[in-house]
1. Enumerate the pairs (first residue in segment 134-161 and in a strand (DSSP E or B); second residue anywhere and of a type in the set (Asp, Glu)) with beta-carbon separation below 6 Å, excluding pairs fewer than 6 apart on the same chain, so at least 6 apart or on different chains.
2. Restricting the search to segment 113-161, which residues are of a type in the set (Ser, Thr, Tyr) and touching a helix residue (DSSP H, G or I) at 6+ places or on another chain (Cβ under 9 Å)?
3. Please enumerate the residues belonging to segment 134-161 that are farther than 21 Å from Ile93 by Cα and within 35 Å of the chain's Cα centre (by Cα).
Amino acid sequence: MEKTQRIIVAVLLGIVAYLILTAIFSVISQPRNMYDMMRFMHGGAYGGFYNTLNLISIVLSVGVGILIYYLIPESKVAERKQDRYRKEDRLKILMRVLSDDEKKALKEIEKEKSITQDSLRFRLGWSKAKISAVVSRLDKARIIQRKREGKTYKVFLRRKR
């Protein structure tokens, strides 16, 4: 089950446990004679007794709800989704949201590990303005890092943190 479903089931079973415990305690603690009934009506000893039983019912039902929540197994589907995303490389996930030009540039950078911006421009056959714009966007997105090297930049993938 998903986490939300587990919470809902636990809360519902906690409520059911409260109702059952309240019914049991009310049967057990019935006033035995007229004198007990009069004391209850005027807030005597039985009034505090019923409040205590109500509090015990609430505490026990919350405990039942928490116990049920932890006893219900987590969904295998949710575990598989988490495993799939853990196994996928960060770069592959990013590739889904990048533009085609950014993907091309990133593939070249990934292939070479470290490349100058001029070399990248010649490999892709782009203008200086286009390569500068694409590399700047990737740098701002913190996917790559640029380091000044003479009149050009050395471009490489950012290390994972």
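1. Matching pairs, first to second residue: Arg146/Asp139; Thr152/Asp118.
2. Initially, segment 113-161 is screened for residues of a type in the set (Ser, Thr, Tyr), giving 114, 116, 119, 127, 132, 136, 152-153.
Matches in segment 113-161: Ser119, Ser127, Ser132, Thr152, Tyr153.
3. Once the filter is applied, which keeps residues that are farther than 21 Å from Ile93 by Cα and within 35 Å of the chain's Cα centre (by Cα), segment 134-161 yields only Arg146.
Each reported figure results from applying straightforward, stated rules to the coordinates on display, with no laboratory input. What you see is a predicted model; the values in this text were computed from it and never measured. Cβ sites come from the backbone with ideal geometry, for glycine too, and all protein chains shown count toward neighbours.
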